[in-house]
Structures are given as structure tokens and as C-alpha cells.
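To start, the structure under review is shown below, and the notes come after it.
The values are calculated or read from the model by the stated rules, or taken from the named source; none is laboratory data. Nothing here was measured: the structure is a model prediction, and the numbers come from that model. Ideal geometry is used to build each Cβ from the backbone, glycine not excepted, and the neighbour counts take in all protein chains shown. Please note that ligands, DNA and RNA were not included when accessible areas were found on the heavy atoms of the full protein model with its side chains. Shrake-Rupley method; radii C 1.70, N 1.55, O 1.52, S 1.80 Å.
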Amino acid sequence: MKEISLSEKIYAAVRLIPKGKVASYSQIAALIGNCNLRRHVGNVLHENPSNELTPCHRVVNAKGFCSGSFAFGGPDIQRMKLEAEGVSFINGHVDLLNFQITQDDFEWMDAELKKNYTAEISMP
């Protein structure tokens, strides 16, 4: 196991979101150990150095809406990337009932993070 920064742990969690699914900022924050860090998750993803490596387009808000941020080129680009992966939208937001990560997905992601990284996270 290795110790990583909080940002790297966020990126690692996002890399585990299965293709064709989404997770909320709060779910990613919970995976890194503190569900109150959801805004920090958003800020870190805004600085994502590589969407090819870290598919931050798979992270949406709690209601399933895409980011209005320019990090993706805007909400239309994020939506196009998600639709290309098979994700459906209803009334402008992701159909969370069918495309949000499940409890089983969450538990698998959590186990993978714990297996590969120490519980201690170095703060920036």
C-alpha cells in the first residue's frame, strides 16, 4: 500500500466508476472518508489533468445534473460523453435510478481504494 494525497485519492476513486454509470460528488467524498468534502471533490475535479485517465465526466451533482463548469467544455460536452457511454437523461439530468452507482458498486470501489492505498491521506 502507498500513501497518496487527498487529490490523488479523489482521482483514484473517480477512475473506479464503471463506464456507463455516474457517482455524485458526495459519493466520491464518502469514498475518500469524509462526505462533507463534496465541494473539495468538485474543486479537485475541476483541476483534473487528464479526463482520459480520470473520467471526471462520470461525476454529477446529487440530483444528476451535469457540471456547468468549463472543465469539460460545459454541460453539453459532459452530457455527450455520458450518452456515448449509454447513460440516459430525463428532463435534463441523469436517470439516477438506472445509472447511478449501486451499493454493490460503492462497496467494491471502497474495497479497491482500501486495498490499494493507506487509510492515512496526506493533506495538501
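Annotation: Ile101 carries an accessible surface of approximately 10 Å², with a 1.4 Å probe and no ligand, DNA or RNA atoms counted.
Give me the percent relative contact order of the stretch 26-83, please, defined on Cα pairs under 8 angstrom at least 6 residues apart. Could the numbers behind the result be given before it?
Working: 42 pairs, mean separation 12.1, N = 58.
It rounds to 21 percent for the stretch 26-83.
Sorted largest first, the principal axis extents computed over the alpha-carbon atoms of the chain equal 41, 30, 25 Å.
In percent, what relative contact order does the chain have, based on Cα pairs under 8 Å that are 6 or more apart in sequence? Can you show the working numbers first?
Numbers: 163 pairs, mean separation 47.0, N = 124.
Normalised by residue count, the contact order of the chain is 38 percent.
Legend: calculated FRET efficiency, Thr102 to Leu53, from the Cβ-Cβ distance at R0 = 25 Å, rounded to 0.05, equals 0.55. Computed from backbone phi, the HN-Hα couplings of the stretch 89-98 come to 10, 10, 6, x, 9, 4, 6, 5, 4, 9 Hz, rounded to whole numbers (Karplus: 6.51 cos²θ - 1.76 cosθ + 1.60, θ = phi - 60°; Gly and Pro given as x). Full extension of the chain between Asn91 and Ile77 gives 3.4 nm of extra length, using 0.36 nm per residue less the Cα-Cα distance. Legend: residues Glu52, Glu85, Glu47, Glu107, sorted from most to least accessible area (1.4 Å probe; ligands, DNA and RNA excluded), read Glu52, Glu47, Glu107, Glu85. For Asp104, the accessible surface of its heavy atoms amounts to roughly 120 Å² (probe 1.4 Å, protein chains only, rounded to the nearest 10). By the Kirkwood approach, averaging reciprocal distances over each pair of separate Cα atoms, the stretch 36-91 gets a hydrodynamic radius of 11.7 Å. One chain, two ends: Asn36 and Ala84. Fully extended at 0.36 nm per residue, the span grows by 14.2 nm beyond their Cα-Cα distance.
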